[in-house]
Amino acid sequence: MSMKIVIEKIVAGGDGMGKINGKNVFVPYSIPGEELNVEITKSYRDYDVAKIVEVLKPSPHRVVPFCPMYGICGGCNMQHIDSAYQVEIRKQILADCFEREGLKVPEIQVVSGSDRGYRARIQLTDGGFNEKDSNKIVPINECPILTEEINGYLKNTPFNDRPHGRVHVFGDERVAMENKVIVANETKKRSDDIQIVGAGNSRKSKVKAKKNLYFKGTSGVTDNVCSIKIGDKNISFDVLGFFQSNPEVLEKTVDVICDNMGGKNVLDMYAGCGTFSVFLSDIFEKTTLVEHNRDAIVFAERNLVGTNHESYGQSGEKWVKQNASLVMQQIGSFDAVVIDPPRQGIEKAVCQWLCEHKTGQIRSVSCNPSTHARDARYLVQSGYILSKLFLLDFYPQTSHIESLAFFENYA
């Protein structure tokens, strides 16, 4: 049985929300202001999920999706909305998250790029994409949001000839290698030919994240290495690890983070392969990196060769408890902190340390607006001022939101 509903807003995750008989109902592929006939597909105590049966009054922002696989593939979920209005929706979702934490939200600025042909990193399963809400594999030979380089790989590699299992593919014109596409299979044995000279010890060994161990002079060898030119820097990383999927927006984000920054000491917390640190090292006398992932910190050392830096292969919590005080005794306080935590947000111990040891500037990057807003509340309550908030529009045609917040301490 179908029922009428008017969509009030888009919520995190991309579904439209309205009410039927006072109960919240979430409707995929809907747009604020639309009047729909819907059918309930799942019912829970506090809310229902419905599918569109008929669009009675469409939004002026509704468009025909440009991809024939839209709604089948599990990727995009906003192609039915014009690109400009998508940005406004993502801005509103970000603002809602911060306002729910009681924060006064500055005007949200947008860092954006192309809305198609931007994605340089994908994961294939048995040669294809996963169908939406299913483990079924969808053969894909072309995708309009992927870079030309990845689409070239898909077109030139028949579905049956692609590697089985979970495969990571990275391809972009900025790749600083002869082969512009790197294909890394998770089932292929990872190379252990990694050498380390650290903490005054010149012996060779596998890198292990031991307490208080920091890595200097590291070199890694693996078939999955990719080197990409971001701005005027070549950055190496393991394709099986993490690297941003949208190099165009990444370049612009680096510029925003480094704007009006500089000084003696900077801390790059959750530094990954050193993407931000390679640029921070140009404007600060010394850069301190903290990253728990063994493979990432090895690549960070490679990317920061020749710079004045120190790397700690630890979680943020362990670094705060074991090394932060000693580091500050040796080099002095930090003039700025750049922090880019995983989806769960800043570790509690790290957040407390930031609140207690105030720096002049914090540039906080996040891939989860809810935990970003939560952490922002703690920082503001401790005395920081939320001076700027950016939507980092890394993923057009989707509801995925990344953000950047500036916190200032004028004391």
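Between 0 and 90 degrees, the angle of helix 247-258 with respect to the longest Cα principal axis of the chain falls at about 60 degrees.
Our coupling estimate for segment 318-326, obtained by passing each phi through the Karplus curve with A = 6.51, B = -1.76, C = 1.60 and θ = phi - 60°, is 5, 4, 4, 6, 10, 10, 4, 4, 5 Hz, Gly and Pro reported as x. If R0 is taken as 41 Å, the Cβ-Cβ distance between H357 and N135 corresponds to a FRET efficiency of 0.30.
With contacts taken as Cα pairs under 8 Å and at least 6 residues apart, segment 215-298 reaches a relative contact order of 28 percent.
Length, then width, then depth: along the principal axes, the Cα atoms of segment 1-66 run 35, 26, 19 Å. Full extension of the chain segment joining H164 with T307 gains 47.4 nm, where the gain is 0.36 nm per residue of separation less the Cα-Cα distance. The dipole here belongs to segment 70-198: it is taken about the Cα centre, uses +1 on the Cβ of Lys and Arg and -1 on the Cβ of Asp and Glu, and is about 240 debye.
The equivalent ellipsoid of segment 330-411 has semi-axes of 23, 13, 12 Å, largest first, where each one is the square root of 5 times an eigenvalue of the Cα gyration tensor. Highest mean first, the peptides 26-36, 294-304, 380-390 sorted by other C-beta atoms within 10 Å per residue fall in the order 294-304, 26-36, 380-390. For a label point 7 Å from the Cα of S227 along Cα→C-beta, name the residues of segment 164-179 whose backbone N is under 15 Å from it. In segment 164-179, the label zone of S227 (backbone N under 15 Å from the point 7 Å along Cα→Cβ) covers 174-179.
Helices in the chain, meaning DSSP H runs of at least 4 residues, each add -39500 (n - 2.57). Divided by all residues, the mean residue ellipticity at 222 nm is -6500 deg cm²/dmol.
Estimated at 0.36 nm per residue, the fully extended path between E408 and S43 surpasses their Cα-Cα distance by 126.9 nm. Rounded to the nearest whole Hz, the Karplus-based 3J(HN,Hα) values (6.51 cos²θ - 1.76 cosθ + 1.60, θ = phi - 60°) of segment 127-139 follow the sequence x, x, 9, 7, 5, 4, 6, 7, 8, 5, 8, 9, x, with x at glycine and proline.
Looking at segment 256-411, the accessible area is 35 square angstrom per residue; that uses a 1.4 Å probe and ignores ligands, DNA and RNA. Between N260 and K9, the FRET efficiency estimated from the beta carbon spacing at R0 = 25 angstrom works out to 0.15. Cα centroid separation, segment 165-180 to segment 333-389: 33 Å.
Charge tally around P58: other residues with Cβ under 15 Å, Lys/Arg +1 each, Asp/Glu -1 each, net -1.
Ignoring ligands, DNA and RNA, please state the percent of accessible area on the chain from carbon and sulfur, probe 1.4 Å. Carbon and sulfur together cover 48 percent of it. Placing a label point 7 Å from the Cα of K57 along the Cα-to-Cβ direction, none of the residues of segment 68-89 has a backbone N under 19 Å of that point. Mind checking Rg over Rh on segment 261-411, alpha carbons, Kirkwood formula for Rh? That ratio equals 0.94. Sorted largest first, the spans of the alpha carbon positions of the chain along the three principal axes are 72, 57, 37 Å.
Computed over neighbours whose Cβ is under 12 Å from that of G127, the net charge equals 0, Lys and Arg +1, Asp and Glu -1. Gyration tensor analysis over the Cα atoms of segment 1-140 returns equivalent ellipsoid semi-axes of 25, 23, 16 Å (largest first, whole Å).
The values are calculated or read from the model by the stated rules, or taken from the named source; none is laboratory data. Since we're looking at a predicted model, the values are computed, not measured. As a convention, Cβ positions derive from the backbone with ideal geometry for all residues, glycine included, and neighbour counts pool all protein chains shown. Protein only, heavy atoms only, side chains kept; ligands, DNA and RNA dropped before computing areas. Shrake-Rupley method; radii C 1.70, N 1.55, O 1.52, S 1.80 Å.
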